[in-house]
Amino acid sequence: KKLNETYLKAQTLYLDQIKKFQKNFEKKQKKNLEELLEKSPDRLLEALQEIERNNVNNYEILEFTKNFRHRLIQKNIDENRELLNSDKYESILHFIEQLQNIEKNSPAIFDLKEKLDTQLKKQKKDKQKEFTFRAESYLMDLFKLKKYDKVIRLAAEILEMDETNTLAKSLLKKSEIKLFRATQKEVVATIKNTYPTLKAEYRKNKKDFVKI
């Protein structure tokens, strides 16, 4: 019983010492890391990595360093607000990739990626609207000029981007009908023009022709 009591006291004393050591460590490191965050943020990540290498299995220390990683990310975000509020989307994407080297699972990075995704979708939609607006005008001009084959191609492109576009649907259908009729007329005209020649050729060389 006494042996157990002694063991428990020793264990409690040891745990208390560990806690004191950890508190002193955190207090000392916090001061150092705060200075780096304020004055030399480029060196902060290296310092955090070194602490983590030396405390791989220490959950509390790892949480301590993760907090500084999040703060470093936020500092970078605050210092680059002008870029993040611009339309330089490639530069923003590169900036986000750099932030992920600090901490991949950062809520702040997730928010930035979500915002960028929304902006890119809006930009794509705006470009589609601009293309459709210009294409519709050109489509009408082509139809008036009776360029039905070109109307069909352009209408198909518009409908790939916007399958509900009523103008493209209408002119596509009308152009297909008109092109079919025009093609029919051309075929009939070709037959009429070549018939006399074929008839004369038949009279000369009946053997070369096959009866159907």
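The values are calculated or read from the model by the stated rules, or taken from the named source; none is laboratory data. What you are looking at is a predicted structure, and each value in this text was computed from that prediction instead of being measured. Cβ placement follows ideal geometry from the backbone for every residue including glycine, while neighbour counts extend to all protein chains displayed. Ligands, DNA and RNA are stripped out before the accessible areas are found, and what is left, the full protein with its side chains, is counted by its heavy atoms. Shrake-Rupley method; radii C 1.70, N 1.55, O 1.52, S 1.80 Å.
Summary of computed values
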read-out	value
Checklist (1) over 21 Å from residue 159 (Cα atoms); (2) open to solvent by 30 Å² or more (accessible area, probe 1.4 Å) applied to residue 141, failing item	(1)
Count of the range 110-132 residues which are acidic (Asp, Glu), within 15 Å of the chain's Cα centre (by Cα) and open to solvent by less than 100 Å² (accessible area, probe 1.4 Å)	2
Every pair of residues 6+ apart whose Cβ atoms lie under 9 Å, when the first sits in the range 26-53 and is over 17 Å from residue 74 (Cβ atoms) while the second is open to solvent by 100 Å² or more (accessible area, probe 1.4 Å)	26/60
Residue match in the range 126-139 (condition: touching a Ser or Thr at 6+ places or on another chain (Cβ under 6 Å), aromatic (Phe, Trp, Tyr) and within 30 Å of residue 181 (Cα to Cα))	no
Which listed residue is at pLDDT 90 or above, among the charged types (D, E, K, R) and touching a Ser or Thr at 6+ places or on another chain (Cβ under 8 Å), from 69, 53	69
Cross-chain or 6+ apart pairs with Cβ under 7 Å, the range 79-100 first and more than 14 Å from residue 115 (Cβ to Cβ), then outside any loop (DSSP other than H, G, I, E, B)	91/83; 100/109
Test: residue 136 is assigned to a helix (DSSP H, G or I) and among the acidic types (Asp, Glu)	yes
